[in-house]
Amino acid sequence: MRAHGWRGATRARRPPRTTEADPGAARAPDLVGRQWRVAAPNLLEVADFTYVPMAVGFGYTAFVIDAFAGLIPGWECSLTKDTGFVERALRHAVAFRARQGHPFDDAIHHSDAGSQYTAIHFTESLMLAGLKPSIGSVGDALDNGLAETTIGLYKTECVREGSPFRTGPIDTLADLENMTSAWVSWYNESRLIHRLGRRPPAEAEAEYYARLHAGKHTGHR
């Protein structure tokens, strides 16, 4: 890299916090305890959102991330950070898993204590989708570390100036959606993840289900 004058992308200092807790809202217990390793997909989903600087003002991107291989089944971009925004990301994740033939069934949905995630309507949406709510403690990023890590990659690989997923300034919501869609598709299908043996998340999930299917036919798990 030095010989060619290349320089790796580095993560910028974190922006102002997006998490704003509602002191009057009841919070679900923490069912995860920072244990991000799970044995299969659809056991633990982590969720968070981040802000994205635009040409004028800010946009927001929410993610739902499966803890098994880090695959992103749901995401949403918005110009506002209301509860409906994170609910749409959840609905996209639910629809994605249903299309795969692997609907959620008593999976854990873990997030920080932001008011969007502690809202009564959001909690009801989780339960209707077959998910159990889990909330980390207030003001502790480590309690949602997996989501924070994925968002860090998104900011470094997609949002930064000079990113190959950007075609220029982020002027509109459509600009933000287009670059996020391209990055999520690449991340799920092509990005090599060290903890997965340098395989993409979608490949790791496909291998899991292939082994599961073979085990059912042979009587072994």
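Observations on the model:
- Residue in the range 87-108 that is of a type in the set (A, V, I, L, M) and over 30 Å from Tyr209 (Cα atoms) present: no
- Test: Ala89 is crowded, with 22+ Cβ neighbours inside 10 Å and under 20 Å from Ala204 (Cβ atoms): no
- Filter result for Leu176 (surrounded by 19 or more Cβ atoms within 10 Å (Cβ to Cβ) and out of contact with any helix residue (DSSP H, G or I) (no Cβ under 8 Å at 6 or more places or on another chain)): yes
- Considering residues of the range 109-132 that are surrounded by fewer than 21 Cβ atoms within 10 Å (Cβ to Cβ) and touching a strand residue (DSSP E or B) at 6+ places or on another chain (Cβ under 6 Å) only, the residue modelled with the lowest pLDDT: Thr123
- For beta carbons closer than 6 Å, sequence separation of 6+ or different chains, a first residue in the range 156-168 that is within 8 Å of Met179 (Cβ to Cβ) and a second that is surrounded by fewer than 17 Cβ atoms within 10 Å (Cβ to Cβ), the qualifying pairs are Phe165/Ala182.
- Conditions (1) closer than 21 Å to Tyr154 by Cα; (2) hydroxyl-bearing (Ser, Thr, Tyr); (3) more than 12 Å from the chain's Cα centre (by Cα); number of the one not met by Thr123: (1)
- Candidates are the residues of the range 141-173 that are in contact with a Phe, Trp or Tyr (Cβ under 9 Å, 6 or more places away or on another chain) and among the hydrophobic types (A, V, I, L, M, F, W, C); the one that is surrounded by the most Cβ atoms within 10 Å (Cβ to Cβ) is Ala147.
- Of all residues in the range 184-213, those that are closer than 18 Å to Gln100 by Cα have Cβ atoms under 7 Å from Cβ atoms of residues that are among the aromatic types (Phe, Trp, Tyr), 6 or more apart or on another chain, in Val184/Trp75; Glu205/Phe68.
- Enumeration of residues in the range 70-84 that are closer than 17 Å to Glu45 by Cβ, of a type in the set (A, V, I, L, M, F, W, C) and touching a strand residue (DSSP E or B) at 6+ places or on another chain (Cβ under 7 Å): Ile72, Trp75
- The lone exception for Ala39 - which of (1) at pLDDT 95 or above; (2) closer than 30 Å to Tyr209 by Cβ; (3) surrounded by 13 or more Cβ atoms within 10 Å (Cβ to Cβ) it fails: (3)
- Total residues in the range 166-221, condition assigned to a loop (DSSP other than H, G, I, E, B) and within 19 Å of Thr149 (Cα to Cα): 6
- Residue list for the range 190-201, restricted to those being of a type in the set (A, V, I, L, M, F, W, C) and either surrounded by fewer than 17 Cβ atoms within 10 Å (Cβ to Cβ) or in contact with a Pro (Cβ under 9 Å, 6 or more places away or on another chain) (or both): Leu192, Ile193
The values are calculated or read from the model by the stated rules, or taken from the named source; none is laboratory data. Since the model is a prediction, treat every value here as computed from it, not as a measurement. Counting neighbours? That spans all protein chains shown, and the Cβs are built from the backbone with ideal geometry, glycine included.
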